[in-house]
Structures are given as C-alpha cells and as structure tokens.
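Step one of this worksheet: look at the structure below.
Throughout, read-outs are computed from the coordinates displayed, never taken from laboratory work. No experiment lies behind these values; they were computed from the predicted model shown. Cβ sites come from the backbone with ideal geometry, for glycine too, and all protein chains shown count toward neighbours.
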Amino acid sequence: MKLDSKYFDSIRKKTKTKAAAPPQTPVCQWDGCEADGVHRAPVGRHADGQYFLFCFDHVREYNKGYNYFSGLSDSEIARYQKEALTGHRPTWGMGVDKTSRNGPTQRASRSGSAASQARMRDPYGFFSEDQPRRPEPRQRKVKSLESKAFGTFGLPENAPAADIKKRYKELVKQHHPDANGGDRGSEERFRAVIQAYQLLKQSGFC
C-alpha cells in the first residue's frame, strides 16, 4: 500500500466537534420577572411532583401565601392528617381475624349480655348499677380548735364550704368596727371570726 493512498488521508482527517452549548438557566415564572428561576415551589395539592420555578425573592413571596389545604373543609383536613400517620396506606386490625371477630362469643360480649357481665368482675360497680358501690371515704374526726371555730360561726361540724363562706361574710359585715362605732366587744368578736375562718381554711374545710 502506498503512503499517499486515499485510505491514509481518511485516517489522518480530523473531525470537527461542536462545542457544547452552555446550559440555559430557566427564567423566573413570576409575572414580569426576568431573573433566573432556580428555586422550585410546589404547584398544588392535585399536582404532586410539579413545581414552579422562581427567583429567590419570588419563591419566598409565593411560599408565604401557599396553603396545601386550601379549599378543604375541617373534616377533610382532619381525615388527611389522620391518614398521614400511616403514610396514607390502608391499615388492618391485629390479633383477631374477621371470622373470629364475628363469632358468637364476640357478638355476645358486644351486646352486653348477662353472661358476659357475669364473667366480668366489677367489685366497685363502675360498669353495672347492680354491683355494690364503692364505700365513701370516712371523714376525719374534727379537732377541738376546729370544733370551736364551727361554734364561732354557729354551724354544725359537717357544714359545707359554701355555708362557711356565706356565714363568714355575714359575721364580718355585722361585727366590723366601722359598723359598730368602735365598740370593743364587737371588735373582739370580729377578730375571733377572722381567726376561726383562717383555721377552717387551713384545715381544708373551706
């Protein structure tokens, strides 16, 4: 083969390669904006995986007013949040299959039959009115000073807190020094009423 053969010319020939075009940056999709749109913003609830392209300033403006739940009622939002806990995937009950759940034993327990109630122990009567009620806690014995305080108010030792407060206001208004012209006896009575009320309050009676 000769050195000046046309085959050598085809081998030596250099092919011209086109220079790669620089990547084009998308323009911001905000109306009237010519800046580079390099930040993505979601289109909406029914367009998952689709995004708008905005510049930095306009993507911030868009995100301030974006609401994924726009147009939904409160019940629909609550349902979506509940389903989001499981990734919007279906769930099934565990432990009992459908046939056992609808069996005679389960139906009887759900209907609240007498047999099922008999099997359930309820000594304090939380679930049945026929069972004996839990006994009321016994009240502690009233001390001598507390009994004297009740006597100051003229009330029995089992008087409720509302009666104690009502009687206290009546006696304070009755024996206040301003209402009795500085009478010493009334002033002593006024002090005794205040001390008696403070004692009963500290003891938890009012």
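Which of the peptides 71-77, 174-180 is most tightly packed, and how do the rest follow, judged by the mean count of other Cβ atoms within 10 Å per residue? Can you show the working numbers first?
Numbers: 71-77: 10.1, 174-180: 13.0.
Ranking, from highest mean packing down: 174-180, 71-77.
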**At 0.692 mPa s and 37 °C, Stokes diffusion of region 144-202 via Kirkwood alpha-carbon radius, µm² per second** = 284
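So how much slack lies between Gln195 and Tyr62, counting 0.36 nm per residue of separation and subtracting their Cα-Cα distance, in nm?
Additional length available on full extension: 41.1 nm.
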**Request:** Could you calculate the FRET efficiency of Lys82 with Arg40 from 1/(1 + (r/R0)^6), where r is the beta carbon distance between them and R0 is 45 Å, rounded to 0.05?
**Result:** 0.95
**Message:** Can you tell me the length gained on complete extension of the stretch Arg89 to Cys33, counting 0.36 nm per residue apart and subtracting the Cα distance?
**Reply:** 16.0 nm
